[in-house]
1. At 222 nm, what helix-only mean residue ellipticity would the chain give, in deg cm²/dmol to the nearest 500, using -39500 (n - 2.57) for each DSSP H run of four or more?
2. If exposed means no more than 15 neighbouring beta carbons inside 10 Å and the site is in a DSSP loop, what's the longest run of the chain without any exposed trypsin sites (Lys or Arg not before Pro)?
3. How big is the Rg/Rh ratio for segment 37-148, C-alpha atoms only, Rh by Kirkwood, two decimals?
4. Once R0 is set to 35 Å, what does the formula 1/(1 + (r/R0)^6) return for the Cβ-Cβ distance between Ser34 and Glu89, expressed as a FRET efficiency to the nearest 0.05?
5. Using a cut-off of 28 Å between alpha-carbon atoms, which lysines can reach Lys156, once sequence neighbours fewer than 8 places away in the same chain are excluded?
6. Extension gain Lys7-Glu178, at 0.36 nm per residue separation less the Cα-Cα distance, in nm?
7. Hey, got the Cα dimensions of the chain along the principal axes, in Å, largest first?
8. Counting pairs of alpha carbon atoms under 8 Å apart in space and at least six apart in sequence, what relative contact order in percent does the chain give?
Amino acid sequence: MSLFDSKFYDLIIHPEGSGSIARMAFEAQRYGYSGIAVINTQVPDKETIPPGFSIYRDIEISCKPGRLREEIKKHKNSGDILVVRGGDEEFNRASVETEGLDILLQPAQFNNVLAKAASDNSVAIGFNLGLLIRLRGDGRVQELIKMRKNLKHARKYDVSMILTGNAHSVYDLRTPREMAALSGLFGMTPKEAVDAMSAAPLGILKRKSPDYIQDGVEII
């Protein structure tokens with residue numbers, strides 16, 4: 001069985017208007033994805049998306065570190081995927097130390113202490129491959145350095161990892177194989193890349209299910 005026979009998900013998508021969601025869904029399915037999650041956007045009716053394809057909703061939390069814990073707790077039981085974009089060390093610490101956050105995306109300052117907290121609180125570290133696609137020169141090199149460091153800390157503490165293209169249109173979407181190839185630029189193995197687009201997103205979606213209580217316990 002090939003690694004790329006898995007179900008793939010991109011949990012951070014920025015559709016430009018409600019009409020573009022369906023188009024992105026059809027294109028993502030054609031590329032081999034089973035679902036996507038859209039940032040701060042209402043999920044469309046099932047009739048407008050491909051059969052067998054799933055769309056979920058993200059809430060991107062953006063505020064000062066002092067209010068971050070309060071905002072995460074406010075949305076914790078919403079059923080939506082909670083995403084925070086990485087900031088300075090104080091901001092990242094508040095993020096990973098607050099139970100209920102799902103993804104800390106592309107933290108610029110990440111270390112062993114923050115990785116341990118992320119692991120303890122089931123916070124996934126997101127790798128924004130869209131930056132590698134769009135940036136050139138020194139900017140791209142700096143992002144690769146950050147990703148390599150984040151990967152090292154995530155491995156050490158078995159932190160869940162997420163890959164996203166951070167797409168804003170269908171032209172930003174990439175196939176799972178292309179995403180895995182890009183992640184190899186900062187040292188991810190093909191197995192790690194596939195898990196970051198399949199097992200890790202599925203773990204987050206499982207926790208968001210109304211039937212989920214905790215790992216190993218489920219309402220039947």
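1. Counting only the DSSP helices, I get -12500 deg cm²/dmol.
2. 137-220
3. So for segment 37-148, dividing Rg by the Kirkwood Rh gives 1.02.
4. 0.50
5. Lys7, Lys73, Lys76, Lys116, Lys146, Lys191, Lys206, Lys208
6. 60.0 nm
7. 45, 44, 37
8. Normalised by residue count, the contact order of the chain is 21 percent.
Coordinate-derived values only; no laboratory data. Quantities reported herein were computed from a predicted structural model and do not represent experimental measurements. A quick note on method: Cβ atoms are made from the backbone with ideal geometry, for glycine too, and the neighbour counts reach across all protein chains shown.
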